[in-house]
Amino acid sequence: MSALFDRSGPFEGRNPRLFVFFTTLYNARAYYPVLAVLFTDLGLSLDQFVLLNGVWAAAIVLFEVPSGALADILGRKRLLVFSAALMVLEMGVLLVAPKNGGWLLFSLCFLNRLLSGISEAAASGADEAIAYDALPEKDRESAWDLVLATAMRWRSAGFLIAMTLGGLLYDPSWWNRMAPENLQLTTDFAHRLPLVVVFGQALACLWIALHFEDTGPHGDHAAGKCGAAFRLTLRTAVKAFTTRRIAMVLLGGLLIDSVARSFATLNSEYYRMIGVPEWAFGIIGSLIAVGNWFIPSIAARVNRRFIPTTSLALGGLAAAGALFLLVPAWPWAGLLPAMFLMMMLGFVSFTVSRFLHGVAESGQRATLLSVKGLVFNLGYGAYSLGFSLLLAGLGKHGADSFQRALFWQAGGFAVVLLVFIAASRWKRAGNQTLPVK
């Protein structure tokens, strides 16, 4: 973490430093360990919460690639300021949402999820691109490795604090046991505290975004920029999926990311199934954040030694092992493969980001990263739907159905992974760069 304050290295410029601060405050949100119960405690049903998550995912998918193209054309700084402003609005809306407020509550929560999805889509790609293009061209790849690794470590530290703090703030019982009667906290008041913290994070993100120095080529005239954005999007997406090397990296990353992210949304059910008490969920998240501290160094070593598809194949084999170890659902011991699987998200993110930055030209870097985000979100949504159908097909038998679904998931993932490995080793070819004409 000390590298961030070394003004003689890749952090000599302002943007790489601000990128680390921005991505940490933007992503490590204090309400994450209690997100589902936060909405249901406000008065939403579980079905409504699932529907709102669908709104969030749809907003990201719809705005992901156009926002990346607009970042390349309008400017990355403008998109980041827009994203941070939406974060302020989304948290403000949730702060004033009335408990058990019926349709008013649902409408405000709907607006919160919509704004959140658009905000994430706007930030995706633009944040990395504005930092990457600010690095000196000499040894840019190795400099980016250090910036990305530093950002991941800061995010891990941020998640460690956010997961622990969010759980403690949300449950006032520990405070009320120690505090005098005149300082007791009500449950309703405590449930808003994680939102207050994230609202403060949003204001900090907006301040950071306003202090970025814009990078990358973009035009001086507004006319035709939206059309240019979509033309750039289309060209970049077509080139990505007709360039075999890029397509294989995107597919390999999608394979691991969709499974790991799907499990991350269901991990509380798994923890309950293996006998872990609910008060420990935030602590487990903090331990995962600690583990993520070491992922960048491991990923950097693996990627320097192997080509990206081989790195992803090795990551896939490790993920497959974790998936099979989840199936027995050993009490408490099942936490180890669960935590390992979720830490694979960092490995995939590092590998795919490092590769895409290396093959993309400056004028389409944010667009290509947004294509990646779109592909990953589509994969995550499709996989989640498939896993839900699998659970429904196995019948409503609670933990037994969930455990059987984990078995079929592990087997299916192993088969698809073998297909990916075979395809990636067949006729290795593809362009190194993505020229945009």
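The values are calculated or read from the model by the stated rules, or taken from the named source; none is laboratory data. For clarity, every value in this text was computed on a predicted model and none was experimentally measured. A quick note on method: Cβ atoms are made from the backbone with ideal geometry, for glycine too, and the neighbour counts reach across all protein chains shown. Ligands, DNA and RNA are stripped out before the accessible areas are found, and what is left, the full protein with its side chains, is counted by its heavy atoms. Shrake-Rupley method; radii C 1.70, N 1.55, O 1.52, S 1.80 Å.
If I stretch the segment between Met178 and Glu269 completely, what's the gain in nm (0.36 nm per residue apart, minus their alpha carbon distance), one decimal?
29.7 nm
Can you check what the net charge comes to around Ala338, using other residues whose Cβ is under 14 Å from the Cβ of Ala338 (Lys, Arg +1; Asp, Glu -1)?
Neighbourhood net charge equals +1.
If packing is taken as the average count of other Cβ atoms within 10 Å, what order do 314-327, 407-420, 78-91 fall into, highest mean first?
Values: 314-327: 19.9, 407-420: 16.2, 78-91: 22.2.
Going by the mean number of other Cβ atoms within 10 Å, highest first, we get 78-91, 314-327, 407-420.
Can you pull the accessible area of His211 for me, 1.4 Å probe, Å² to the nearest 10?
Here the residue's solvent-accessible area equals roughly 70 Å².
Would you kindly calculate the mean projected area, averaged across all directions, of the convex hull enclosing the Cα atoms of the range 36-193, in square nanometres?
Mean projected area of the Cα convex hull: 11.7 nm².
How do Trp293, Trp332 stack up against each other in accessible area, from largest to smallest, with a 1.4 angstrom probe?
Most to least solvent-accessible, the answer reads Trp332, Trp293.
Ranked from highest to lowest mean number of other Cβ atoms within 10 Å per residue, what is the order of the peptides 175-184, 246-255, 119-128?
119-128, 246-255, 175-184
Find out how many positive minus negative residues lie around Ser297, taking Lys and Arg as positive, Asp and Glu as negative, among other residues whose Cβ is under 14 Å from that of Ser297. All intermediate terms of the calculation are to be shown ahead of the outcome.
On the way: positive: Arg153, Arg301, Arg304, Arg305, Arg354; negative: Asp145.
Local charge sum for Ser297: +4.
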